[in-house]
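Visitor: Submitted below is the structure of interest, expressed as structure tokens.
The values are calculated or read from the model by the stated rules, or taken from the named source; none is laboratory data. Note that the structure is predicted; figures quoted are calculated from it, not measured. Glycine gets a Cβ as well: all are built from the backbone with ideal geometry, and neighbour counts include every protein chain shown. Ligands, DNA and RNA are excluded from the accessible area calculation, which covers all protein heavy atoms including side chains. Shrake-Rupley method; radii C 1.70, N 1.55, O 1.52, S 1.80 Å.
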Amino acid sequence: MELTYTPFHIMLAAVNTRYPTQQDRAIALLAERGMAKLSEFTASGITAATISRMKERGLILQLSRGLYQLPDAPLDGNHSLAEAAKRVPKGVICLVSALAYHELTDTIPRLVWIAIGARQKKPVVKTPPLNIVRFGQMVFSTGIEEHMIEGVRVRIYSPAKTVVDLFRYRQREGRRYKSSPGINPVLEGMREALRQRKATPADIARYAMEAGVWSNLRPYLEAMTSHA
């Protein structure tokens, strides 16, 4: 049976386009941002009741408490990093998680390592599981790159900065915390960063000097570059 569109249907379609419903706006917001927190919906005039109904009807997927995504959204291998970025928007993906993102290690961390500033309030997040570390302000604010993962803008330390942070964190925390990365991830990451040309010796040296660990890191870097 052939459908016939009357002037009324055409007018109704035009009205729906000009005045989208809360459901339409919620879907558009998720399509634009990849993921969204409940606070983002409410800030856009979309009620919690609308989100609840959409969840019950399978129109949106709840990733964790207060965090949503479209059910057919393409999943990236770094999905947990995007979730972490939405949960801790002022944080920066660091250490082993940053190393894995830059493909400088075969290690797949169980937790997402994320750095926050020295005075920043520590967030309480259950999903995804996080390993939250504090960096001093000067170290925290340098070497940050922005990458898009599933439509989410994720802040991640650069390869050179990550290698230095691993060395510094291991040196500072190694005796206190068993979860602190050992020297092997540092050497593996440095070797791969240099081999893949994702960092230069000068980049690594500069960040090491800024972090005050150059004298200790220098022998390892010189050993790797002496035969280059």
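Visitor: Determine the alpha carbon to alpha carbon distance for each of 161/198; 90/121; 37/161; 121/161; 86/161; 86/126 and list only those over 20 Å.
Guide: 37/161; 121/161; 86/161
Visitor: If r is the Cβ-Cβ distance from residue 47 to residue 216 and R0 is 45 Å, what FRET efficiency results, to the nearest 0.05?
Guide: 0.20
Visitor: Another one. In terms of solvent-accessible area of protein heavy atoms at a 1.4 angstrom probe, what is the ranking of 68, 101, highest value first?
Guide: Heavy-atom accessible area, descending, gives 101, 68.
Visitor: Leaving ligands, DNA and RNA out of it, work out the accessible area of residue 215 with a 1.4 Å probe and give it in Å² to the nearest 10.
Guide: Using a 1.4 Å probe on the heavy atoms, I get roughly 90 Å².
Visitor: While we're on this one: Using the Karplus curve 6.51 cos²θ - 1.76 cosθ + 1.60 with θ = phi - 60°, work out ³J(HN,Hα) for each residue of the stretch 101-108 in order, rounded to whole Hz, and write x for Gly and Pro.
Guide: 4, 7, 6, 10, 7, 8, 6, 9
Visitor: Next question, about the same structure. Using a 1.4 Å probe and ignoring any ligands, DNA or RNA, find the accessible area of residue 53 and quote it in Å² to the nearest 10.
Guide: Result for residue 53: roughly 130 Å² accessible.
Visitor: Taking amide H positions as placed in the peptide plane 1.01 Å from N, state which residues far from residue 112 in sequence (5 or more) or on other chains have amide H under 5 Å from it.
Guide: HN-HN under 5 Å from residue 112: 130, 131.
Visitor: OK, next. Net charge near residue 49, counting Lys/Arg +1 and Asp/Glu -1 over other residues with Cβ under 15 Å of its Cβ?
Guide: In short, +3.
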